[in-house]
Amino acid sequence: MSDQRPESAGWFVDVDPGDLDAGAAAIYDRTAEHPRDWPAEAVRAGFAADEADYYDALHEATLAATREAVQERERSDDKQLTHAVRAMDDAERTANELAERLAEWAGTFDRDVPGGVDGAREVAAWTPETPAEERVVSLAERVVDLDDERADLRSFVESHAPDVAPNLAEMAGPVLAARLLSLAGGLESLAKKPAGTVQVLGAEDALFAHLRGRGSSPKHGVIFTHEYVRGTHPDHRGSAARAFAGKLAIAARIDYYSGDFKQSVHDDLTERMATIREREVSQ
């Protein structure tokens, strides 16, 4: 659709050359049926003093438009979900690593301290009697805080994933759905990936090793954590992974292009998995 600007006005009619936001909006919103000599028209319209001035203004406006596009994408719901699941995994990993260090340190005072985050919670309840014990208790409190943050982040993922990708979250579960979005780079990127790529997301190292002739082709990536794949007999796990990945790819496309929940795709997956599981019984 062409805009209704005067023919000699150029892209930046009525735009203050110093107003980057207005210039960015002009780049985003204005169109023309045919290309024209925009620098010359900008000069005739009084927007620019000369061609160099026009290109300077265009450069600045384009940068402003690009920054706004990037910021808008970073603020998107699927990007927030990606940040949340990555932070959740970071918090869990860090808490477990610190818990190991804590168990070794706390064991110098009490050899009955259990390992892991549960042990950290016990140590956090100690009443320290020495400066060293104060530090041990303080470290235990940090581990507990990290584990609590992990739980809060998981709750956030579980409550927001169905809003961002209702079919994907229903099919994969909220946490796995968020991890797939994270690995793919967002809902749009995931929706545009073929099922075979979705199947091995998270197994990039194994895939690259296979391409270099150093290993077998991976049958699955992060989707292995789902019961449909993990709970299937190894002889049929490849079939299960392909079927599951195929429906995940469809679910992502529905979520991105329409956003509507579609029960039929879930029913199809249930029937397909039941068929695969029946092979195990018949063997």
Pair-distance profile P(r), taking every C-alpha pair of region 165-283, with 10 angstrom steps and integer %: 14, 45, 31, 9, 0
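In what sequence, highest mean first, do 132-143, 159-170 appear when ranked by Cβ atoms within 10 angstrom? Working shown, then result.
Working: 132-143: 17.6, 159-170: 20.9.
Packing proxy ranking, top to bottom: 159-170, 132-143.
With all distinct Cα pairs included, what does the Kirkwood hydrodynamic radius of region 77-162 come out to in Å, to one decimal, could you say? Walk me through the numbers before you get to the answer.
Details: mean 1/r = 0.0736 Å⁻¹.
Over region 77-162, the inverse of the mean reciprocal pair distance is 13.6 Å.
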Around Ala169: net Lys/Arg minus Asp/Glu count, Cβ-Cβ under 9 Å: -4
Derived scalar couplings ³J(HN,Hα) [region 161-170; Karplus, 6.51 cos²θ - 1.76 cosθ + 1.60; whole Hz; x for Gly, Pro]: 4, x, 6, 6, 9, x, 6, 5, 5, 5
3J(HN,Hα) from dihedral phi, region 88-104, Karplus parametrisation 6.51/-1.76/1.60, rounded to Hz, x for glycine, proline: 4, 5, 5, 5, 5, 4, 5, 4, 5, 5, 5, 5, 5, 4, 4, 4, 5
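Any of Lys79/Lys247; Lys79/Lys192; Lys193/Lys262; Lys192/Lys247 with alpha carbons more than 18 Å apart? Name them for me.
Values: Lys79/Lys247 22 Å; Lys79/Lys192 16 Å; Lys193/Lys262 20 Å; Lys192/Lys247 13 Å.
Checking Cα-Cα distances, Lys79/Lys247; Lys193/Lys262 exceed 18 Å.
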Cα-only Debye scattering, region 239-282: base-10 log of I(q)/I(0) at q = 0.21, 0.33 Å⁻¹: -0.67, -1.13
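Read-outs: derived from the displayed coordinates by stated rules, not from any lab. Please read all numbers here as calculations on a predicted model, not as lab measurements. As a convention, Cβ positions derive from the backbone with ideal geometry for all residues, glycine included, and neighbour counts pool all protein chains shown.
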